[in-house]
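The values are calculated or read from the model by the stated rules, or taken from the named source; none is laboratory data. Not measured: the values here are computed from a predicted model. Counting neighbours? That spans all protein chains shown, and the Cβs are built from the backbone with ideal geometry, glycine included.
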Amino acid sequence: MRVSLFITCLADQLYPEVGESVARLLHRYGCEVDFPETQTCCGQPAFNSGYHDEAREVARGLIRAFDASDYVVSPSGSCTGMVHHYYPMLFAEEPEWKEKAEKLIAKTYEFSQFLVQVLGVRDLGAEFPEKVTYHPSCHASRLLGVKTEPTELLSRVKGLEMIDLPKKEDCCGFGGTFAVKMADMSEAMVCEKAMNVCATGAQVLVGTDMGCLMNIGGRLNKENQPVRVMHLAQLLEEGVKRGETSGK
């Protein structure tokens, strides 16, 4: 199975190790992973700011980059949600490009979505004996419909104690350009989110979007809270390594 990694801007520039974890886990399950180097942004920042013409041009570049791909997998529900939910709107008046967008949509998945829905993988043999709480990001759960896949994968990690996050459905306040345009409101939201994370007593906060994790992690760090922040792919990969070590 040939899979192309859609790394996203945040992961590429700030958290490349997340992409590496995704690639290694996919390779573990027989996927041939490639990385089209012509990929850039999905166009979400421009789109959210009202620059639809500019977003459309960026989207064309992404469509071209993955034209030959069999599957496209991303560690971001937000960027995947942008492709699935807004690309048809962007190209509503351009039939040729709308068709190309729909072909990209049909083969594009968020990481946990791909593991569970396409590969049929739920138990990776991972071991992670720590207290963990999970933040469901807005775009992944509400735009893309990724709701049970991450927790299903986590529930099968040996030794992991899942602690429910209070008000988990609430936004963390990042929202891409929202955090810049509405900085005071964004800060109030992430302060509440960080407070709820700390209330769980969890050692680890896990999520599926680096934008959210960067925002919450930044607040936890500012408050000197000893909570480790990890993308789901990182936790699963570390858990697989622990499982292999304990099994020897």
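Restricting attention to region 198-235, the residues being under 19 Å from the mean Cα position of the chain (by Cα), in contact (Cβ under 8 Å) with a residue 40 or more places away in the chain and over 20 Å from Cys9 (Cβ atoms) number 4. On the given criteria, is Asp164 under 17 Å from the mean Cα position of the chain (by Cα) and within 23 Å of Glu110 (Cβ to Cβ)? So Asp164 does not fit the description; no. Of the helices (runs of 4 or more DSSP H) contained entirely in region 170-248, those carrying at least 3 residues that are touching a strand residue (DSSP E or B) at 6+ places or on another chain (Cβ under 7 Å) and surrounded by fewer than 21 Cβ atoms within 10 Å (Cβ to Cβ) fall at 232-246. Residues in region 110-131 that are touching a strand residue (DSSP E or B) at 6+ places or on another chain (Cβ under 6 Å), closer than 14 Å to Leu153 by Cβ and surrounded by fewer than 22 Cβ atoms within 10 Å (Cβ to Cβ): Glu127 only. Reported count of residues in region 11-57, each being of a type in the set (Gly, Ala, Ser) and more than 19 Å from the chain's Cα centre (by Cα), is 5. Quick one: is Val18 touching a residue at least 60 places away in the same chain (Cβ under 8 Å), surrounded by 19 or more Cβ atoms within 10 Å (Cβ to Cβ) and assigned to a helix (DSSP H, G or I)? Yes: the conditions hold for Val18.
Scanning region 130-157 for residues that are free of Cβ contacts under 8 Å to residues at least 40 places away in the same chain and assigned to a loop (DSSP other than H, G, I, E, B), we see that the one that is farthest from the chain's Cα centre (by Cα) is Arg156. A residue that is small (Gly, Ala, Ser), more than 25 Å from Tyr87 (Cα to Cα), not assigned by TED's automatic domain parsing to the domain that holds Cys212 and not in a strand (DSSP E or B) occurs nowhere in region 49-58. Lys107 falls short of the stated requirement of being modelled with pLDDT of 95 or more, more than 19 Å from Met214 (Cβ to Cβ) and exposed (fewer than 15 other Cβ atoms within 10 Å of the Cβ).
From the list Ser78, Ser112, the one residue that fits, being touching a residue at least 60 places away in the same chain (Cβ under 8 Å) and within 22 Å of Arg2 (Cβ to Cβ), is Ser112.
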